[in-house]
Amino acid sequence: MSGAAETRRVRRLPDPSSVAVAGRCAARRVSGSAVDAWFFRKRTLSLVLAAAVVVLLGALSGTYVGFDAGAALLQIPGGLAWMAAEFVPSLSSFEKLGTILPALGSTILVAVAASCMAAALAYVCAVLGSRTVGVGGPVPLLVRGVASIFRNIPVVAWAFILLFSFKQSMLTGFLALFLTSFGYLTRCFLESIDELSAGPVEALRAAGATYGQIVAQAVVPLSITSVVSWVLYMTETNIRDATLVGILTGTGIGFVFDVYYKSFRYDIAGLVVLAIVVTCVACEAASNYVRRKII
């Protein structure tokens, strides 16, 4: 009996190798938890420092321009009350819809025309300047450089530049929207085409297809969904920007708003703003509907 009990006690003794493995696992868990704790402390410290820098920059900027945040907050209720009393359209202001709606329609048409024409030219330039299906040589660098210049100049700056040459006219607003849209859409189309799968293009090249056939049979079908989505987004943006451009160029719904606002007819100006908001919401809803259908 004593021998059997001694044998059982011997069998219960832990294996030295298993003890070593368990020790290493425990050490790894301790080391991993320490690394995780240091990572989260470092991340929290970075976020706190970033927030402090933002607050400090805001305070310095406000102090430099003389902005008083407390006084501004106290003026918000009075400003909202004034808007509710003065900018709410009255019954008499609806009589001016005959002037507002045609101006709004011309603004929408200019924005759509600028977007579509810029999209057509931008797509051609993007295909020629693409790194995957482009013509090569200096063309990609040239296309990207022109697109960057046009895209980084705001539409308001383009309107000011063109005012000296074309004066206050509908053409000035169209060109300002067109140039900005061209730069932005060219960059977007370049990225969309460069991200296409190379399989269909390589297959057509192996089959002896010409450059035009490759573009028509591979590039256009694969990129058309992304292109339509970008064009719709650009059209929405241009409809919003065309209002501000109209104030500068003396055309469209922006000019109508400027006239009534400077004439202290705030109720009619409020109706103009309401018409612009409804138009933008309707355009966004239509754009989202088209995107859902094509994607």
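Any read-out appearing in this document is the output of simple, stated calculations on the displayed coordinates, not a laboratory observation. These numbers were taken from a predicted model, which means no experiment stands behind them. All Cβ positions, even for glycine, are placed from backbone atoms using ideal geometry, and neighbour counts span all protein chains on display.
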message = I'd like the distance separating the alpha-carbon centroids of region 244-295 and region 67-91, in whole Å.
response = 21 Å
query = Lys/Arg Cβ at +1, Asp/Glu Cβ at -1, dipole of the chain taken about the Cα centre: which of Leu177, Gly129, Thr249 is farthest positive-ward?
reply = Gly129
request  = Determine, for each peptide in 194-206, 80-92, 62-74, the mean count of other beta carbons within 10 angstrom over its residues, then list the peptides with the highest first.
outcome  = 194-206, 80-92, 62-74
Rounded if a/c under 1.5, otherwise prolate or oblate - the chain, Cα gyration tensor axes = oblate
Cα-projected label distance for Ile161 with Met83, points at 7 Å along beta-carbon direction, nm = 3.4 nm
key: Distance between modelled label sites at Thr63 and Thr225, nm, 7 Å Cα→Cβ extension   = 5.4 nm
message = Spelling out what I want: for every residue of region 44-57, take phi, set θ = phi - 60°, compute 6.51 cos²θ - 1.76 cosθ + 1.60 (Karplus), and round to whole Hz; glycine and proline get x.
response = 5, 5, 5, 5, 5, 5, 5, 5, 5, 5, 5, 5, 5, 5
request  = For an R0 of 30 angstrom, estimate the FRET efficiency from the Cβ-Cβ distance between Met117 and Arg292 and round to the nearest 0.05.
outcome  = 0.70
query = How many angstrom lie between the C-alpha centres of region 96-140 and region 218-238?
reply = 11 Å
task = Run down the lysines and flag those whose C-alpha is under 23 Å from the C-alpha of Lys96, throwing out any fewer than 8 positions away in its chain.
result = Lys262
message = I want to verify a result. In a Gaussian network model of the chain, Cα cutoff 10 Å, which of these has the top mean-square fluctuation: Phe182, Phe174, Phe94?
response = Phe94
